[in-house]
Amino acid sequence: MKTTIINSLCIALVLFVTSCNSGKKKETQTIEEPQIEEVDMGLTGDNSMTSLDWDGVYEGELPCADCEGIKTVVTINSDNTYLIQETYLGKETTPIETKGTFEWDDQGQRILLSNDRNPFFVGENTLTLLDSDGNKNTGDLQELYVLRKVMD
């Protein structure tokens, strides 16, 4: 009889210990959810749109395949409108004017023009004409695609 009582107590003790351990196992097996960091889309930090005095008049001479160059004057306004005046040197004397609106890209670095125009990268007192894919031109002529801000 003593053996039966001792065996019963041992079984009860084993069950008690394993039930306590099973709770701990669940606790240690719990997988924590990874913390999702807030992604900065460039609109809240430092970027061209928020940090630069970007509105104003920019001018320069862009490369031209079949003329001496394109005298270009771009006016961008704080109400997201623009005016581009282009004079084809050696061909035209009257500037061709294009007006429209623009919006900023997601990073706040480039302005995307209406009228199917190539975008511009906005830098410190500069506008850089980008290719149709939104990339800066590279090579020996890359500096020719940069318009400088006219200071008042």
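The values are calculated or read from the model by the stated rules, or taken from the named source; none is laboratory data. No experiment lies behind these values; they were computed from the predicted model shown. Ideal geometry is used to build each Cβ from the backbone, glycine not excepted, and the neighbour counts take in all protein chains shown.
Restricting the stretch 65-87 to residues that are among the hydrophobic types (A, V, I, L, M, F, W, C) and either touching a Leu at 6+ places or on another chain (Cβ under 7 Å) or buried (at least 16 other Cβ atoms within 10 Å of the Cβ) (or both), which is farthest from GLU97 (Cα to Cα)? Write out each step before concluding.
Filtering the stretch 65-87 for residues among the hydrophobic types (A, V, I, L, M, F, W, C) gives 65, 67, 70, 73-74, 76, 83-84.
Next cut, either touching a Leu at 6+ places or on another chain (Cβ under 7 Å) or buried (at least 16 other Cβ atoms within 10 Å of the Cβ) (or both) only: 67, 70, 73-74, 76, 84.
On the way: CYS67: 18, ILE70: 13, VAL73: 10, VAL74: 10, ILE76: 13, ILE84: 6 Å.
The selected residue is CYS67.
Within the stretch 50-72, which residues are among the β-branched types (Val, Ile, Thr) and either farther than 16 Å from VAL122 by Cα or more than 26 Å from the chain's Cα centre (by Cα) (or both)? Outline the logic, then answer.
From the stretch 50-72, those among the β-branched types (Val, Ile, Thr) are 50, 57, 70, 72; that's our starting set.
Scanning the stretch 50-72 gives ILE70, THR72.
Return the residue satisfying two criteria in turn: it lies in the stretch 121-136 and is at pLDDT 90 or above and polar (S, T, N, Q), and of such residues it is surrounded by the most Cβ atoms within 10 Å (Cβ to Cβ).
THR128
Looking only at the stretch 114-131, decide whether some residue is assigned to a strand (DSSP E or B) and touching a Cys at 6+ places or on another chain (Cβ under 7 Å). Even if it seems obvious, please write down each step before you answer.
Our first condition is that a residue be assigned to a strand (DSSP E or B); within the stretch 114-131, this holds for 120-123, 126-130.
Still in the list and also touching a Cys at 6+ places or on another chain (Cβ under 7 Å): none.
Within the stretch 114-131, not a single residue is assigned to a strand (DSSP E or B) and touching a Cys at 6+ places or on another chain (Cβ under 7 Å).
Give GLY108, GLY100 a once-over and let me know the one that is farther than 20 Å from ASP66 by Cα and part of a strand (DSSP E or B). Talk me through it step by step, then tell me what you get.
On the way: GLY108 fails: part of a strand (DSSP E or B).
Within the list GLY108, GLY100, the selection yields GLY100.
Considering only the stretch 104-111, I want to know if a residue exists there that is within 17 Å of TRP54 (Cβ to Cβ), in contact with a Gly (Cβ under 8 Å, 6 or more places away or on another chain) and surrounded by fewer than 12 Cβ atoms within 10 Å (Cβ to Cβ).
Initially, the stretch 104-111 is screened for residues within 17 Å of TRP54 (Cβ to Cβ), giving 104-111.
Those left that are additionally in contact with a Gly (Cβ under 8 Å, 6 or more places away or on another chain): 105-110.
From what's left, surrounded by fewer than 12 Cβ atoms within 10 Å (Cβ to Cβ): 106.
Within the stretch 104-111 (the criterion being within 17 Å of TRP54 (Cβ to Cβ), in contact with a Gly (Cβ under 8 Å, 6 or more places away or on another chain) and surrounded by fewer than 12 Cβ atoms within 10 Å (Cβ to Cβ)), the answer is yes, since at least one residue qualifies.
Residue under question is GLU143, and the condition is that it be out of contact with any Cys (no Cβ under 8 Å at 6 or more places or on another chain), surrounded by fewer than 17 Cβ atoms within 10 Å (Cβ to Cβ) and not in a strand (DSSP E or B); does it hold? Outline the logic, then answer.
Values: out of contact with any Cys (no Cβ under 8 Å at 6 or more places or on another chain): yes; surrounded by fewer than 17 Cβ atoms within 10 Å (Cβ to Cβ): yes; not in a strand (DSSP E or B): yes.
Here the answer is yes, as GLU143 does meet what is asked.
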